[in-house]
Amino acid sequence: RAYAWEGRCAGFHVPRHGERLYAAGRIRWRKERFELVCQALKVADVAERIRGSRLRLRQMLRELQPRALVEFLCQVFRDPRIGPAFVLAPASLSHHHAFSGGLLVHSAETAWAVYRWSEGAPLRGLATAAAMLHDIGKIRTLAGNLTRTPLGQAVRHEDLTLEVLAEHLRWLDGAWAQG
């Protein structure tokens, strides 16, 4: 639990649900629990998070194996029907990563966690790619202006994953059938 008072907290801000804030202050024990009395709040820089996610994605792509899987991911993100929408879409409308670009940030964070935790695993590349693409259907169900698309009102994003990736999965099947 944290408390901040306008005029007594530098950067006073009423956060949106799911918005990331950095808080500085002092911790106190009160009524059987810890509380943070904020002295400064800073809203996370969304543009910086997007830049960092793109850099992390590039780093993973340089190191993933097999190379056919890397080429598959590059084809997916270069596809003009997928790449731009993936960079602009939110990851949710009112929860985690609910901002334009949130899908990229969320997917890169998820893939990075899998990538780090799976070092030495035989299917590390495949697991990382799956994590990166786990919400790809959201490019058809959520819009960058934080609304649900007409299709998204009728269909869950999970049900669109294979459709969005179908052409690229056919290519991957030819280049790396066991994958």
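Using alpha-carbon positions, what is the distance between the centroids of the range 4-66 and the range 79-154, in Å?
Measuring centre to centre over Cα atoms gives 20 Å.
Using the crude model of +1 on Lys and Arg Cβ and -1 on Asp and Glu Cβ, and no other charge, please compute the dipole size for the range 46-124 relative to its Cα centre, in debye to 20. If you can, show how the numbers build up before the last one.
Details: 11 positive and 6 negative charges, 34 e Å.
Dipole size: approximately 160 debye.
How many times 2.2 N^0.38 Å is the alpha carbon radius of gyration of the chain? Mind dumping the intermediate values first?
Working: Rg = 19.7 Å, N = 179, 2.2 N^0.38 = 15.8 Å.
With N residues counted in the chain, Rg over 2.2 N^0.38 Å equals 1.25.
With a 1.4 Å probe and every protein chain kept in, tell me what percent of the accessible surface of the chain is carbon plus sulfur. All intermediate terms of the calculation are to be shown ahead of the outcome.
Details: 5870 of 10620 Å².
Looking at the chain in its full context, I get 55 percent from C and S.
Compute the projected area of the convex hull of the Cα atoms of the range 82-130, averaged over all viewing directions, and report it in nm² to one decimal place.
3.5
Between V37 and E163, how many nm apart are label points set 7 Å from Cα along the C-beta direction?
The answer from the label model is 5.6 nm.
Quick one: which residues, 5+ away or cross-chain, put their amide H under 5 Å from the amide H of T149? H built at 1.01 Å from N.
HN-HN under 5 Å from T149: L142, A143.
At 1.4 Å probe radius, can you tell me the per residue accessible area of the chain in Å²?
Details: 10620 Å² over 179 residues.
That works out to 59 Å² per residue.
Using only DSSP helix segments of four residues or longer, with each worth -39500 (n - 2.57), what per-residue ellipticity at 222 nm results for the chain after dividing by its residue count and rounding to 500?
On the way: 8 runs with 86 residues, N = 179.
Theoretical 222 nm ellipticity from helices: -14500 deg cm²/dmol.
Over the Cα atoms of the range 33-135, what is the Rg over Rh ratio if Rh follows Kirkwood? Write down the numbers at each step before the final one.
On the way: Rg = 15.8 Å, Rh = 14.8 Å.
Radius of gyration relative to Kirkwood radius: 1.07.
Taking the chain as the reference, fit the longest principal axis to its C-alpha atoms, fit the long axis of helix 46-63 to the helix C-alpha atoms, and give the angle between the two in degrees, 0 to 90, nearest 10.
40
Could you grab the relative contact order for the range 79-159? Cα pairs under 8 Å, six or more apart, rounded to a whole percent. Please report the intermediate quantities before stating the final value.
Values: 125 pairs, mean separation 23.7, N = 81.
Answer for the range 79-159 is 29 percent.
How long are the three semi-axes of the equivalent ellipsoid of the range 1-80, in whole Å, if each is the root of 5 times an eigenvalue of the C-alpha gyration tensor, listed from largest down? All intermediate terms of the calculation are to be shown ahead of the outcome.
On the way: eigenvalues 352, 44, 20 Å².
Result for the range 1-80: semi-axes of 42, 15, 10 Å.
Put a dot 7 Å past each Cα toward the Cβ at L151 and A44; how far apart are the dots in nm?
Between A44 and L151, the simple spin-label model gives 2.8 nm.
Mind listing the phi-derived Karplus ³J(HN,Hα) values for the range 102-108, rounded to whole Hz, using 6.51, -1.76 and 1.60 with θ = phi - 60°, and x for any glycine or proline?
x, 5, 4, 4, 4, 5, 5
If we sort 54-60, 71-77 on the protection proxy, mean other Cβ atoms within 10 Å, highest first, what's the order? Could the numbers behind the result be given before it?
Values: 54-60: 15.1, 71-77: 18.6.
Packing order, densest peptide first, comes out as 71-77, 54-60.
In whole Å, what are the Cα extents of the range 47-89 along the three principal axes, biggest one first?
Here the spans come out as 31, 23, 10 Å, largest first.
Taking the highest mean first, how do the peptides 96-106, 162-172, 114-124 order by number of other beta carbon atoms within 10 angstrom per residue? Before the final figure, lay out the partial values.
Working: 96-106: 21.5, 162-172: 14.9, 114-124: 12.7.
Result, highest mean Cβ count within 10 Å first: 96-106, 162-172, 114-124.
The values are calculated or read from the model by the stated rules, or taken from the named source; none is laboratory data. Here the structure is a predicted model, which means the values were calculated and not measured. With ideal geometry, Cβ positions are generated from the backbone for all residues, glycine too; neighbour counts draw on all protein chains shown. To get the accessible areas, we keep the full protein, side chains included, count just its heavy atoms, and leave off ligands, DNA and RNA. Shrake-Rupley method; radii C 1.70, N 1.55, O 1.52, S 1.80 Å.
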